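Asks: Below: one structure in structure tokens.
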Amino acid sequence: MSELYPVPERLLKDPKPYIATFDEYKKLWQESVDKPAEFFAKAAKEYLHWDKPFQTTMAGDFLSGNIAWFLEGELNASYNCVDRHAFATPDKVAIIHEGDDPKDVRKITYNDLLQQVCRIANVLKSLDVRKGDNVIIYMPMIPEAMVAMLACTRIGAVHSVVFAGFSADSLYDRIVDCEARVVITADEGKRGGKFVATKRIVDEALSKGIHAVDRVIVCKHTGTDVAMTLNRDLWWHEQSENARPFCPTVPVNAEDPLFLLYTSGSTGTPKGVLHTTGGYLLEAAMTVKYIFDYHPEDIYACTADLGWITGHTYILYGPLCLGATTVLFESTPTYPDPSRFWNMVDKHKVTQFYTAPTAIRALQRLGDEWVEKCDLSSLRVIGSVGEPINPEAWKWYYEKVGHSQCAVVDTYWQTETGSIVISPLPGATPTKPGSATFPFFGIQPVILEPTTGEVLQGNGVTGVLAISKPWPSMARTVYNNHYRYMDTYLKPYPGYYFTGDGATRDNDGYIFINGRVDDVINVSGHRLSTAEIESALILNSDVSEAAVIAGFDDLTGQCIHAFCTLKPSVTSDPEQLMKELVLQVRKTIGPFAKPKAIYVVMDLPKTRSGKILRRVLRKIVNNEHDQIGDTSTMADEGIIHHLIAMFNRHNANIRK
Ligand code: WT7
């Protein structure tokens, strides 16, 4: 399909990679899928500290949906990520915080981290937060966000981090769904020189309706004045100063929840994906070690937000479980200028750098000089995640950032998989631009014929991607809705975990991810559901119906196109209405969900039974007017011409 890149020389020495040949990878992978219980039992003992050993390595299956790993075992995530390293290497830097202003750098050692985590854990205990309670964290990218997460896990509480780009409405929905009593936030966030009023958004969310929150902990970050509600709001620093820097860990069962993370699915309400403790932590650590070829002296940097799964697994749990130094990046790729990432790599001598294709594409556009003036010789492994990376961006990343001497790891995974499931190994896998290559240990991917569900054997096949055996870090349920978990992942193709993505296995056996086949849209690696955006649009009283679909965009990968019909009585100015609709989506979901285009149309393409044909809309916005396909089930085929004409007019207006 595309050209093959051998493993760069640089990867084979100093330090020597853990897996140094493709044959070695294949042998280990085979072992891991032939004897998963033996493979992962051994790993679990090696990577994790257990307060009580497990007896049963794996149980359950996809048909029953009762997957469990390391049953009877007890452990604590905070102990595994902090205490044991604070004893062994107290002065090693755990977190390098690269603040929004490049001059603001904070280094936190494992010993400092332990004390801070203990203090906040004690604060939570004093507020009567107990094992199994859900705590909402709505914070900027500051070390205190990581402290808050670890403090929860220390006492067996379950964190649910909400990305600070979500609106008050979205935050409120999550607070209500997980029945949180405590919210942890900061006065303000800062990104690219702009301020985000996190505390004000929390106040707004809490004023929306009924909820169980009676305490809000507020961390001072920018120092701006914020309104504090009496008997509810507490300052982080005051509470923390008064708390003891020692707090015992609460061992939990391997299958007790570690965290909830809300993500968009194909219906209107986001689902609380639930990860448990043992299996998740194990694979978070193992994937950092093997996929980033992490060695103890390395400085590891992932630029994701803690509010997404990538931040959970690859800023916090994976690296800290290994006792690594992890960089927490608060800013944007272009602030104060497009050298920001590369200056950071140069400054901290970063060895592994992990980011998203949308950032790579944006920087590629701005010109090579921004990369060329920085010394990137410390880098060994550079990673990409969140959406398919186009070969041009891959090559630019490989050549300009990696100087053709770094391994590019295109890592495929999802919120639900917990950790990377398909990726090259730096020292072992020859790569192909655009391919996530081969499965990680324990993962058996299959490509299925979408309608029959038949397994497509051999190479040179395209279909939907599924996984045929449970793995330790997979999500166990959807919070309070196991039915939805079964329905989304395990029922569509019985006996398999369904990813929702399309994939191709090329003639050499390399896996290429082709993007979502369900109603999930991926904008700059942020996941949104068409139904969620449609629900936001019809909140406007002028809108009768809405249909949202994904278009292609050079920068963001996919982008949102929304079609709306109006109620008959509406007389508002169309320009004004479109502005209102954009605002409506920003307000209901968050600024990152802003549609690229909204079209007000006479009617939507529908079947005779009234089902909206999104496929037709997709062809129209992606300029495939001649490939609309079968329209015989449509109620009114004439609508297509109207839609095409309207679409062309819209584009002509934009060009003007
Ligand atoms: C969806 C999951 C967990 C990563 C952050 C996003 C897409 C992710 C790749 C990749 C092609 C990718 C898939 C997947 N995706 N990584 N390397 N190549 N597509 O997590 O929000 O749960 O989204 O992101 O479509 O299903 P998420």
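Asks: If you check every pair at least six apart or on different chains, which have Cβ atoms under 9 Å apart with a residue in region 492-515 that is farther than 16 Å from SER266 by Cα first and a residue that is open to solvent by 40 Å² or more (accessible area, probe 1.4 Å) and within 12 Å of the ligand (Cβ to nearest atom) second?
Replies: ALA503/ASN514; THR504/ASN514; PHE512/PRO388; ILE513/PRO388; ASN514/PRO388
Asks: What single numbered condition from (1) away from the ligand (no atom under 16 Å from the Cβ); (2) under 24 Å from the mean Cα position of the chain (by Cα); (3) in a loop (DSSP other than H, G, I, E, B) fails to hold for GLY367?
Replies: Going through the list (1) away from the ligand (no atom under 16 Å from the Cβ); (2) under 24 Å from the mean Cα position of the chain (by Cα); (3) in a loop (DSSP other than H, G, I, E, B), GLY367 breaks only (2).
Asks: Are any of the residues in region 565-575 outside the structural domain of ALA393 (by TED's automatic domain parsing), part of a strand (DSSP E or B) and either within 16 Å of VAL523 (Cα to Cα) or of a type in the set (A, V, I, L, M) (or both)?
Replies: Yes, region 565-575 has at least one match.
Asks: Which ones in region 295-305 are away from the ligand (no atom under 13 Å from the Cβ) and crowded, with 24+ Cβ neighbours inside 10 Å?
Replies: TYR300, ALA301
Asks: Where the second residue is open to solvent by less than 10 Å² (accessible area, probe 1.4 Å) and the first is of a type in the set (Ser, Thr, Tyr) and lies in region 60-84, which pairs have Cβ atoms under 7 Å and are six or more apart or on separate chains?
Replies: That search, which allows pairs on different chains as well, returns SER78/VAL117; SER78/LEU150; SER78/THR153; SER78/ARG154.
Asks: Which of the residues spanning region 452-489 are of a type in the set (D, E, K, R), surrounded by 15 or more Cβ atoms within 10 Å (Cβ to Cβ) and in a loop (DSSP other than H, G, I, E, B)?
Replies: Passing the criteria: LYS469, ARG476.
Asks: Does any residue in region 32-43 that is farther than 11 Å from PHE441 by Cα come within less than 7 Å, Cβ to Cβ, of a residue that is open to solvent by 30 Å² or more (accessible area, probe 1.4 Å) six or more places away or on a different chain, and which pairs are these?
Replies: As it stands, the answer is ALA37/MET58, since those pairs meet every condition given.
Asks: For region 187-233, what are the residues that are touching a Leu at 6+ places or on another chain (Cβ under 8 Å) and in a strand (DSSP E or B)?
Replies: Listed by number, the residues that qualify are ARG215, VAL216, ILE217, VAL218.
Asks: Check ASP112, ASP101, ASP91 and return the single one that is within 14 Å of MET146 (Cβ to Cβ) and either open to solvent by 10 Å² or more (accessible area, probe 1.4 Å) or among the aromatic types (Phe, Trp, Tyr) (or both). Full working, then the answer.
Replies: Values: ASP101 fails: within 14 Å of MET146 (Cβ to Cβ); ASP91 fails: within 14 Å of MET146 (Cβ to Cβ).
Selected residue: ASP112, the only one of ASP112, ASP101, ASP91 that is within 14 Å of MET146 (Cβ to Cβ) and either open to solvent by 10 Å² or more (accessible area, probe 1.4 Å) or among the aromatic types (Phe, Trp, Tyr) (or both).
Asks: Count, please, the residues in region 217-231 that happen to be under 25 Å from the mean Cα position of the chain (by Cα) and open to solvent by 50 Å² or more (accessible area, probe 1.4 Å).
Replies: Qualifying residue count for the region: 1.
Matching residues to (1) assigned by TED's automatic domain parsing to the domain that holds GLU399; (2) surrounded by 15 or more Cβ atoms within 10 Å (Cβ to Cβ); (3) part of a strand (DSSP E or B); (4) touching a strand residue (DSSP E or B) at 6+ places or on another chain (Cβ under 6 Å):
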| site | (1), (2), (3), (4) |
| --- | --- |
| GLU3 | no, no, no, no |
| LYS16 | yes, no, no, no |
| ILE19 | yes, yes, no, no |
| LYS27 | yes, no, no, no |
| PHE54 | yes, yes, no, yes |
| MET58 | yes, yes, yes, yes |
| ASP61 | yes, no, no, no |
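Asks: Take region 157-186 and flag every residue that is open to solvent by 10 Å² or more (accessible area, probe 1.4 Å), more than 20 Å from ALA304 (Cα to Cα) and part of a loop (DSSP other than H, G, I, E, B).
Replies: Scanning region 157-186 gives GLU179, ARG181.
Asks: Here's another thing I want to ask about it. Exactly one condition in (1) within 16 Å of the ligand (Cβ to nearest atom); (2) not in a loop (DSSP other than H, G, I, E, B) is not met by THR326; state its number.
Replies: So THR326 meets the others, but not (1).
Asks: Would you mind finding the one in GLY367, GLY307 that is at positive phi and not acidic (Asp, Glu)?
Replies: Checking each option against the conditions leaves just GLY367.
Asks: Can you name every residue in region 370-384 that is within 15 Å of the ligand (Cβ to nearest atom) and touching a Gly at 6+ places or on another chain (Cβ under 7 Å)?
Replies: ILE382
Asks: A further question follows. Exactly one condition in (1) within 13 Å of the ligand (Cβ to nearest atom); (2) surrounded by 18 or more Cβ atoms within 10 Å (Cβ to Cβ) is false for TYR493; which is it?
Replies: Among (1) within 13 Å of the ligand (Cβ to nearest atom); (2) surrounded by 18 or more Cβ atoms within 10 Å (Cβ to Cβ), the lone unmet condition for TYR493 is (1).
Asks: Of all residues in region 508-554, which are within 16 Å of the ligand (Cβ to nearest atom), assigned to a loop (DSSP other than H, G, I, E, B) and open to solvent by 40 Å² or more (accessible area, probe 1.4 Å)?
Replies: Those that are within 16 Å of the ligand (Cβ to nearest atom), assigned to a loop (DSSP other than H, G, I, E, B) and open to solvent by 40 Å² or more (accessible area, probe 1.4 Å): VAL517, ASP518, ASP519.
Asks: Spot the failing condition for ASN540; the list is (1) out of contact with any helix residue (DSSP H, G or I) (no Cβ under 7 Å at 6 or more places or on another chain); (2) polar (S, T, N, Q); (3) closer than 25 Å to LYS611 by Cα, and only one is missed.
Replies: Only one criterion in (1) out of contact with any helix residue (DSSP H, G or I) (no Cβ under 7 Å at 6 or more places or on another chain); (2) polar (S, T, N, Q); (3) closer than 25 Å to LYS611 by Cα is unmet by ASN540, namely (1).
Asks: Output the residues belonging to region 434-448 that are touching a helix residue (DSSP H, G or I) at 6+ places or on another chain (Cβ under 7 Å) and either more than 14 Å from the ligand (Cβ to nearest atom) or farther than 13 Å from ILE513 by Cβ (or both).
Replies: Those that are touching a helix residue (DSSP H, G or I) at 6+ places or on another chain (Cβ under 7 Å) and either more than 14 Å from the ligand (Cβ to nearest atom) or farther than 13 Å from ILE513 by Cβ (or both): PHE440, PHE441, GLY442, GLN444.
A quick yes/no check of all residues on (1) among the hydrophobic types (A, V, I, L, M, F, W, C); (2) not assigned by TED's automatic domain parsing to the domain that holds ASP368:
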| site | (1), (2) |
| --- | --- |
| TYR397 | no, no |
| VAL401 | yes, no |
| GLN405 | no, no |
| GLU416 | no, no |
| GLY427 | no, no |
| PRO430 | no, no |
| SER435 | no, no |
| THR451 | no, yes |
| LEU456 | yes, yes |
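Asks: With the requirement that a residue be within 11 Å of the ligand (Cβ to nearest atom) and either open to solvent by 10 Å² or more (accessible area, probe 1.4 Å) or assigned to a loop (DSSP other than H, G, I, E, B) (or both), what does region 385-409 give you?
Replies: VAL385, GLY386, GLU387, PRO388, ILE389, ASN390
The values are calculated or read from the model by the stated rules, or taken from the named source; none is laboratory data. It should be emphasised that the depicted structure is a prediction, and the values quoted were computed from it without experimental measurement. Backbone-built Cβ (ideal geometry, glycine too); neighbour counts: all protein chains shown. These accessible areas exclude ligands, DNA and RNA; they are computed on the full protein's heavy atoms, side chains included. Shrake-Rupley method; radii C 1.70, N 1.55, O 1.52, S 1.80 Å.
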